[in-house]
Every structure is written in C-alpha cells, then in structure tokens.
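The values are calculated or read from the model by the stated rules, or taken from the named source; none is laboratory data. This one's a predicted model, so the numbers in the text were calculated from it and none came from an experiment. Positions of Cβ are generated from backbone atoms using ideal geometry, with glycine treated the same way; all protein chains shown enter the neighbour counts.
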Amino acid sequence: MTDWTTSPQVERILSAYPDKKSAVMPLLYVAMTEYGYLTDEAIQKVARLVGMTSVQVSSVATFYTMYKRQPVGTYLVSVCTSISCGLLGAKGVLDSIADEAGVPPGETDDAGQVSVEHVECIGACGGAPALQVNYELIEGVTPDQGRALVQWLRSATPPLINGDEMQALFGGQRSFDWGPPDPTGAVGPVPALEGLGSTGEAP
Ligand code: FES
C-alpha cells in the first residue's frame, strides 16, 4: 500500500481547513477507502495528520455508525428498520436478507462478500421498506426481492453499485420517480462522493 497520508487528496483536504482538526472526518473517510475499515493503524495515522490523540479520533469514529471499526464485506446491505419501513414489513426484508446471506444483522459472511446490518431512517420513508447497498438506495423492497438481491450480489459481483440498476432489478414503489437517471455509484465501502473520489460510472 502506498503512503496515502501524503497523497494529493489528503494534502487538499488538510489545506481546506484553517484548523487541521476540522479535517478529521473527511480523512477518516479517506482512510476507510484505503483500508476498507478503520484499523488501529488508520486511526493513528489520521490522529498524526490532524494533531489529535488516537483516543480523540477513535471517539469520532465510534460515534458515527457509518465509520466501521470492523471489516465489512464487499457489499454492505443496510436495511432500514425505523417506523415507516417497520410498518411496511422491514423486519421480513431484513430476516430474508440475513437468511440468504447466512449471517445475522451486524455480521459478515465467511467469504467477506456480504455484510448485513439494520439502520435507522435513511430518508426514503415514501418508498418504504427501503435499504441500501454500499449506501446506494433501493426502495419498495419485498422479502423475496431482498433475497434475490443477495443472490445477485454474489453471482454478478458488480464492481460498481448503482442505485438505479438495483431499483430496476429489485425495487418497487419509490419516494420520487421523477428524478433524472444517475449512472454513478459506489465503488467501495463508503458512500459515493465525487469530491472524495469514491464514485464510478456505470458502463
Ligand atoms: S423509516 Fe425507513 S427510510 Fe425512513
């Protein structure tokens, strides 16, 4: 692994803030893309970059659930179980996905391919039950569609996770169906953010 702490991207992030401590969250994001999760080494390196202690950086990383301190699979399936999704059958969706993946929520399969978790509201209540794969959204999912989604992830092993593609294959009712097509998607275990170089475009 090259030394990511001296990359132009890290330099750019650090120079964007008058106080280096303010760069802690985007740098944790970059570290996630490098390691796949926030290892102790990643925490220490971010701490050195921003002039904080490892404990202080760790306290940030553990407060936000999207920063992972344990390895996650290539595909992180996050099923919303908050009130709107819960009322419309999210428990059944989560159960079928966990059953197909062969792991309970919060865990990763032995192959390191699929992780399953339940999450709080992901802002798609109008399309409940909703879930995300690598933070790309699918709405109106049934238990059978959730099961088929896991099978597809394992057989197709898509290098890019694109919400529109998954919605067409496995989704149902959407919150808004008038949005423009979005060919971009996630290429890693972090939300796709163009400014942080973690997006890809569907072929
Ligand atoms: S309650 Fe599930 S997206 Fe809001």
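Taking the criterion of being closer than 26 Å to Val30 by Cα, surrounded by fewer than 13 Cβ atoms within 10 Å (Cβ to Cβ) and in contact (Cβ under 8 Å) with a residue 40 or more places away in the chain, the residues of region 157-195 that qualify are Thr157, Pro159. Checking region 50-70 against the condition returns no match, with no residue being closer than 30 Å to Arg147 by Cα, in contact with a Lys or Arg (Cβ under 8 Å, 6 or more places away or on another chain) and modelled with pLDDT under 95. For Ala23, the conditions (1) farther than 21 Å from Ile161 by Cα; (2) touching a strand residue (DSSP E or B) at 6+ places or on another chain (Cβ under 6 Å) all hold with the exception of (2). The single residue among Ala168, Ala101, Ala128 that is over 17 Å from Pro189 (Cα atoms), hydrophobic (A, V, I, L, M, F, W, C) and within 16 Å of the ligand (Cβ to nearest atom) turns out to be Ala128.
Screening region 48-63 for residues that are under 11 Å from Val24 (Cβ atoms) and of a type outside the set (S, T, N, Q) and picking the one that is surrounded by the most Cβ atoms within 10 Å (Cβ to Cβ) gives Val57. Here the condition is being charged (D, E, K, R), out of contact with any strand residue (DSSP E or B) (no Cβ under 6 Å at 6 or more places or on another chain), in the same structural domain as Leu87 (by TED's automatic domain parsing) and free of Cβ contacts under 8 Å to residues at least 12 places away in the same chain; of Glu120, Glu139, Glu107, it holds for Glu107 alone. For region 35-57, the set of residues classified as closer than 15 Å to Val72 by Cα and in contact with a Leu (Cβ under 8 Å, 6 or more places away or on another chain) consists of Leu38 only. Every residue in region 131-162 that is within 16 Å of the ligand (Cβ to nearest atom) and among the polar types (S, T, N, Q), please. The answer is Gln132, Thr142, Gln145. The residue pairs whose first member lies in region 82-103 and is over 17 Å from Leu149 (Cβ atoms), whose second member is within 16 Å of the ligand (Cβ to nearest atom) and among the charged types (D, E, K, R), and whose beta carbons are closer than 7 Å, counting only pairs six or more residues apart or on different chains, are Ser82/Glu120. Checking each residue in region 67-96 for being away from the ligand (no atom under 15 Å from the Cβ) and aliphatic (A, V, I, L, M) picks out Val72, Leu76. Please tell me if Glu139 is buried (at least 17 other Cβ atoms within 10 Å of the Cβ) and acidic (Asp, Glu). Yes: the conditions hold for Glu139. For region 30-69, taking the residues that are polar (S, T, N, Q) and part of a loop (DSSP other than H, G, I, E, B), the one that is farthest from His118 (Cα to Cα) is identified as Thr53.
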